[in-house]
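Only the coordinates and a few stated rules stand behind these numbers; no lab work does. This one's a predicted model, so the numbers in the text were calculated from it and none came from an experiment. Using ideal geometry, Cβ is built from the backbone for each residue, glycine included, and neighbour counts are taken over all protein chains shown.
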Amino acid sequence: MRKIKSETIINIIENLCAKTNFELPEDILKSLRQSVVLETGIAKDILEEIIENADIAKGEQFPLCQDTGTANFFVKLGQDVYIEDGNIYDAINEGVSLGYVSNYLRKSIVFDPLERKNTQSNTPANIYVDIVPGDKIEITFLPKGGGSENASALKMLVPSDGWKGVEEFVLGVINDKCVDACPPLVVGVGIGGDFASVGLLAKKALLRETVSKNKNDFYAGKEQELLTNINKLNIGPMGMGGKTTALAVFIETKPTHIASLPVAVSIQCHSCRRKMVII
Amino acid sequence: MKINLQDLVLNIKALKAGQKILFSGTIYTARDAAHKRIIDMLDCGKELPFDLKNAAIYYCGPTPVRPGAVIGACGPTTSSRMDIFTARILKGGVKILIGKGNRSDEVVDLIKLNNSAYLVATGGVAALISKTVQKAELIAFEDLGPEAIYKLEVKDMPLIVAIDSLGNNILKHS
């Protein structure tokens, strides 16, 4: 059993909150740079602004976006880890509270969805824990803005709908809502599982790097096909037309019931901020 | 094209959807909660924190300001959430709406009717936009935190005319 102090986790999370909100991941930047050369006019100008913004934010260690997001954490907790003086949930929340306050990040969480009083700490975070073999903790942070989150959607299809039904649903969501979600997007698609798990599956898909390819050849093909069809919609950067509506599409699947075909689309804006640490 | 608020209001008919401008002048931040309060105050006949006549509203909730800085990160938020309030805001005399994303057909008609314009800033480029803010003053609703109303003086803020006073709209519709 490896002992890890709660304080160690808190300090790492505090720092992670800042870095993730200040630095756009390299793979996203690379995809943006590849898209700039394909565009002209307003679309090109917008992509250039996005890249310039990333340079400023990194250089000055300043937030990329004013919406510093809901704090989502995806944790792989080794079963041979013992957390001293606390637990993983309290440690992450404490780190978020410290990180958001000390780095002047925006606190965007309200206690009650209808009463809407701000918690002033950006907590509670959404913390998803998987217990895995080993004595390490892998934590990926995904601060996610409200505009793109509001464009996400879930539908319970039936088996006879098949791939055609999935594709129709995904393209429909993008067409209806994506202008408001700060395109170019990263699109996470979850297929299978059940009502509760398919949304998480779609959101976890957003953690993949834009250069990554689905391990399953069928779905790897479908990811490319969906990306091509999304980019044919001519929605473009910030919804003002262009070839770059999405930078990447990631599909994740899991087993499901004989009666069901759940599909979820998790929409991520171009400010696709994510960072992983291993403790 | 560089333009300030006064000239923009005077020559609003000259603005064309799709045009890029570098905007200077006073703008007031207001997003969901601040809009709700403004409407409630109008309903009760109370004096508003700023004069709506010929004003520019920016849908924005900045990050907290660091010591010594003018403002925090301050990009636009999604405008469509404010559609429901926009009839009253424009009736009050606001001429310029600044945000990101689409507006309802009703808002497009209202913009035409009120001889106003909807401008968009690029979402998610909040560090870049913060450079254009020269002065920021919290003027109302401090208890709302990021949703408080700030009076901003901006210089050469990069904007695009999305919906012009004739109702032309360059944003893609579903």
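The table that follows gives values for the structure above.
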{"read-out": "Centre separation in Å (Cα based) which lies between the range B:32-60 and the range A:189-208", "value": "40"}
{"read-out": "Members of B:K2/B:K135; A:K3/A:K136; A:K19/B:K20; A:K213/A:K275 lying beyond 22 Å, as alpha-carbon distances in this model show", "value": "A:K19/B:K20"}
{"read-out": "Listed pairs A:K155/A:K204; A:K58/B:K155; A:K5/A:K58; A:K58/A:K155; A:K76/A:K107; A:K164/A:K232 exceeding 28 Å between Cα atoms", "value": "A:K5/A:K58; A:K58/A:K155"}
{"read-out": "Averaged over A:263-270, number of beta-carbon atoms from partner chains that fall within 10 Å", "value": "1"}
{"read-out": "Ranked A:E252, A:E52, criterion: other C-beta atoms within 10 Å, fewest first", "value": "A:E52, A:E252"}
{"read-out": "Kirkwood hydrodynamic radius of the protein assembly as shown, from inverse mean 1/r over distinct Cα pairs, in Å", "value": "22.7"}
{"read-out": "Shape of the range A:136-229, Cα gyration tensor, a/c cut at 1.5", "value": "rounded"}
{"read-out": "Residue (of B:M1, A:C17, B:L97) at the positive-pole extreme of the protein assembly as shown, dipole from beta-carbon charges", "value": "B:M1"}
{"read-out": "Dipole in debye (nearest 20) - chain A, about Cα centre, beta carbon charges: Lys, Arg +1; Asp, Glu -1", "value": "260"}
{"read-out": "Within the protein assembly as shown, percent of DSSP bridges classed antiparallel, to nearest 5", "value": "55"}
{"read-out": "Among B:C60, B:C74, B:C44: highest mean-square fluctuation, GNM of chain B, C-alpha pairs under 10 Å", "value": "B:C44"}
{"read-out": "Calculated from backbone phi, Karplus (6.51, -1.76, 1.60) coupling profile of the range B:128-143 in Hz, x at Gly/Pro", "value": "5, 5, 4, 5, 8, 8, 9, 8, 9, 9, 6, 10, 6, 6, 3, 4"}
{"read-out": "Among B:R88, B:R37, B:R66: highest mean-square fluctuation, GNM of chain B, C-alpha pairs under 10 Å", "value": "B:R66"}
{"read-out": "Free-standing Cys, chain A [no other Cys Cβ under 4.7 Å]", "value": "A:C17, A:C65, A:C178, A:C272"}
{"read-out": "Along each principal axis, Cα extent of the range A:49-175, largest first, Å", "value": "52, 43, 37"}
{"read-out": "Antiparallel DSSP beta bridges within the range A:1-132, as percent of all bridges there, nearest 5", "value": "10"}
{"read-out": "Inter-label distance for A:V132 and A:N150, nm, one decimal - labels placed 7 Å from Cα along Cα-to-Cβ", "value": "3.5"}
{"read-out": "Exercise: per-residue mean of other protein chain Cβ atoms within 10 Å, A:64-71", "value": "6"}
{"read-out": "Share antiparallel - DSSP beta bridges, the range A:147-272, percent rounded to 5", "value": "55"}
{"read-out": "Packing-based exposure ordering (other Cβ within 10 Å, fewest first) of A:D217, B:D7", "value": "A:D217, B:D7"}
{"read-out": "Other-chain or far-sequence residues with amide H under 5 Å of B:V94's (modelled H)", "value": "B:N54, B:A55"}
{"read-out": "Estimated inter-spin distance, A:T8 and A:Q224, nm [label 7 Å along Cα→Cβ]", "value": "4.4"}
{"read-out": "5 angstrom amide H check on B:V65, placed H, neighbours 5+ away", "value": "B:G72"}
{"read-out": "Rg/Rg_ref, the range B:27-114, where Rg_ref = 2.2 N^0.38 Å and atoms are Cα", "value": "1.12"}
